[in-house]
Amino acid sequence: MKTYLFSIIILLSSLPILAQKNQEINYDSDRTLKNEERYPGALILSKVDNQVYFDHDGIEVWCDNAVFYKSDNFFKAYGNIRMQQGDSVRMTSNYAEYNGNTEFAFASGNVRMERPQTTLETDSLFFDRIKQQAYYRSGGKVTDTASVLTSKIGRYFMEEDKYSFRNEVLVTNPDYTINSEQLDFYSESGHAYLYGPSTIVSETSTVYCERGFYDTRADNGYFVKNSQINYDNRILKGDSLYFNRENNFASATNNIRVIDTINDSRVTGHYAEVYRDKDSVFITKKALAASLQDRDTLFIHSDTIMITGKPEKRVIRGYYDVRIFKEDQTGENPMSGRSDSIFSDQQSGLTKLINISSRGNGKPVLWSGENQMSGDSIHLISNTRTEQLDSLLVFDNAFLIQKDSIEGFNQLKGKELTGYFKENTLEKVVINKNTETLNYMRNNENQLIGINKTLASSVEILFEEQQIKDIYYYNQVDGDLTPEADFPPNARKLQGFNWRGEERILSKEGLFEGEAEPELTKIKGIDLPDAPEEFFDEREDDDLLLNENSRLNPKVLKNRKTDSIKFKKKVLPDSIKKNIIEKDSINNKAAQNQ
């Protein structure tokens with residue numbers, strides 16, 4: 001009984017040793033020779049009618065000739081080589097080596113590896129069956145169902161069906177090309193992840209990013225980190241961009257800019273959509289349009305801004321709580337305004353301030369210097385050649401108010417108002433139909449001599465340095481100058497008077513006054529991939545990956561610094577970080593004391 005138990009123990013203890021023994025390579029050959037002088041310890045196998053055949057643990061190899069080191073479980077194959085691993089991998093080459101103990105293969109000369117979705121072509125290829133990875137570093141080309149991908153360095157992960165391309169990566173598609181520093185490509189889905197400076201160039205657009213995703217089959221993607229899309233006449237930038245080539249559509253999220261390279265204008269905000277075929281841009285969340293006019297910039301802010309039309313026929317529309325601001329070259333006489341909505345046609349030079357919804361904040365209003373003009377709608381007309389402001393029209397219930405230098409308000413009202421500008425400064429105003437005026441009259445010493453209230457058919461007002469200089473009444477019906485003491489305080493405002501000076505915008509920053517900052521969308525971004533194991537494992541000098549009879553020097557089968565790919569940084573535990581910081585602090589103090 002003791003002998004039986006002892007035998008069982010011996011058998012069980014030997015099982016791990018038996019399991020670790022490597023499976024031998026099987027072979028079949030029409031002709032088998034030996035040449036100890038040239039190939040000591042090897043069999044020389046060659047084709048007569050049938051190719052030499054090797055079989056090892058699920059991999060099969062056919063070739064015309066081979067040198068087989070049976071005791072080392074290693075062979076070198078020559079001529080018309082075919083290598084097959086199940087139904088998943090088929091490879092051809094001019095030369096190959098295989099070590100059955102390490103299950104590592106090397107192929108060179110017109111190497112072609114075929115997978116169900118892709119074909120890899122390269123000059124030389126390393127294949128690790130244990131890791132199920134293939135690797136090249138002498139340049140390679142992968143042909144996908146939709147694209148061709150080339151790079152200097154490439155690594156294929158069979159279990160994930162993923163290629164990692166590095167160094168001079170180029171993707172060629174009939175509709176576009178991709179250049180990237182590093183690209184991960186998933187064969188089954190056609191998904192590509194871009195790392196480092198990357199561009200996607202087509203006939204109609206160029207996409208740039210330093211981190212991005214692209215679906216090569218659906219032709220769309222999203223991009224983060226310094227990303228932008230360049231169209232023929234527009235540049236779209238943002239923290240995150242989405243792009244659909246088929247629909248010629250792009251959108252941007254957070255800190256975006258849409259730059260019109262032809263009209264020297266730009267729109268900013270935190271969400272935008274660009275429709276290339278329709279030549280239109282939609283932008284919201286702190287939307288701001290800025291266009292250069294005669295060396296000054298006109299700013300338009302509203303809840304939503306839309307820009308449509310070809311470059312020479314751009315139309316800007318703003319909706320809800322529109323605010324505009326423009327400085328003159330001196331910065332002393334800014335022009336600003338407010339309305340519910342705005343329409344600006346760059347071709348005709350016409351800009352309309354209008355009220356079309358219940359969300360508006362009252363009638364459109366415009367300030368030129370200290371002069372406030374309001375009405376049911378306001379039209380601004382610019383010279384399309386010089387882009388200088390030429391004139392303005394106020395329709396229905398037109399009202400012009402100017403705060404008196406000391407007290408009260410000078411007021412003029414009528415059905416229509418026409419203003420004329422010189423060098424973007426208000427020079428003359430004409431008010432027609434049912435005109436009423438109320439003015440504080442002063443002498444040369446600026447002393448108040450009375451209040452003049454007049455009714456007339458029309459009135460012409462001349463300005464000098466934004467102040468009323470002269471008033472001319474036409475077809476005067478009634479009017480007289482009344483001493484201030486005799487003019488009732490409750491009659492010093494014309495019917496419909498509405499001074500809105502507290503709404504006046506005095507700077508670009510004032511365009512956003514009173515508004516809450518928009519809640520920005522949280523952008524997930526694209527992380528760097530997790531770092532896999534190094535392709536070549538560290539080995540002892542006597543533990544060869546291939547064989548001492550290999551064409552390759554063992555030094556070749558080493559990882560190189562230039563082979564490395566960008567991956568996530570390893571995060572040190574806080575305890576280790578603390579020790580490093582403490583050591584650095586101690587070392588710094590010691591250095592200072594020396």
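The values are calculated or read from the model by the stated rules, or taken from the named source; none is laboratory data. Since the model is a prediction, treat every value here as computed from it, not as a measurement. Please note: Cβ atoms are built from the backbone with ideal geometry, for glycine as well, and neighbour counts cover all protein chains shown. Side chains are part of the model used for accessible areas, which takes the heavy atoms of the whole protein and leaves out ligands, DNA and RNA. Shrake-Rupley method; radii C 1.70, N 1.55, O 1.52, S 1.80 Å.
Quick notes
- In the range 263-283, the qualifying residues are those that are in contact (Cβ under 8 Å) with a residue 40 or more places away in the chain and in a loop (DSSP other than H, G, I, E, B), and the one that is most open to solvent (accessible area, probe 1.4 Å) is ARG276.
- Taken as a whole, the structure places GLY86 among residues that are within 24 Å of LEU545 (Cβ to Cβ) and modelled with pLDDT under 95.
- Hey, ASP87 in a loop (DSSP other than H, G, I, E, B) and farther than 19 Å from TYR27 by Cβ or not: yes
- Single residue of the range 211-224 satisfying the filter (crowded, with 17+ Cβ neighbours inside 10 Å and in contact with an Asp or Glu (Cβ under 9 Å, 6 or more places away or on another chain)) that is farthest from LYS278 (Cα to Cα): ARG211
Per-residue answers, yes or no, for (1) among the hydroxyl-bearing types (Ser, Thr, Tyr); (2) in contact (Cβ under 8 Å) with a residue 40 or more places away in the chain:
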position: THR145; (1), (2): yes, yes
position: ILE153; (1), (2): no, yes
position: LYS162; (1), (2): no, no
position: ARG166; (1), (2): no, yes
position: VAL169; (1), (2): no, no
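- Of everything in the range 225-255 that is open to solvent by 30 Å² or more (accessible area, probe 1.4 Å) and at positive phi, the residue that is modelled with the lowest pLDDT is LYS225.
- Within the range 72-94, being touching a residue at least 24 places away in the same chain (Cβ under 8 Å) and under 21 Å from LEU557 (Cβ atoms) holds for ASP72, ASN73, PHE74, PHE75, LYS76, ALA77, ILE81, MET83, GLN85, VAL89, MET91, SER93.
- From LEU183, LEU194, residue being part of a strand (DSSP E or B), among the hydrophobic types (A, V, I, L, M, F, W, C), in contact with a Cys (Cβ under 9 Å, 6 or more places away or on another chain) and open to solvent by less than 60 Å² (accessible area, probe 1.4 Å): LEU194
- Looking only at the range 383-439, residues that are open to solvent by 10 Å² or more (accessible area, probe 1.4 Å), of a type in the set (S, T, N, Q) and in a strand (DSSP E or B) come to 7 in all.
- Scope the range 199-210; condition touching a residue at least 24 places away in the same chain (Cβ under 8 Å) and either part of a strand (DSSP E or B) or open to solvent by less than 30 Å² (accessible area, probe 1.4 Å) (or both); matching residues: ILE200, VAL201, SER202, SER205, THR206, VAL207, CYS209
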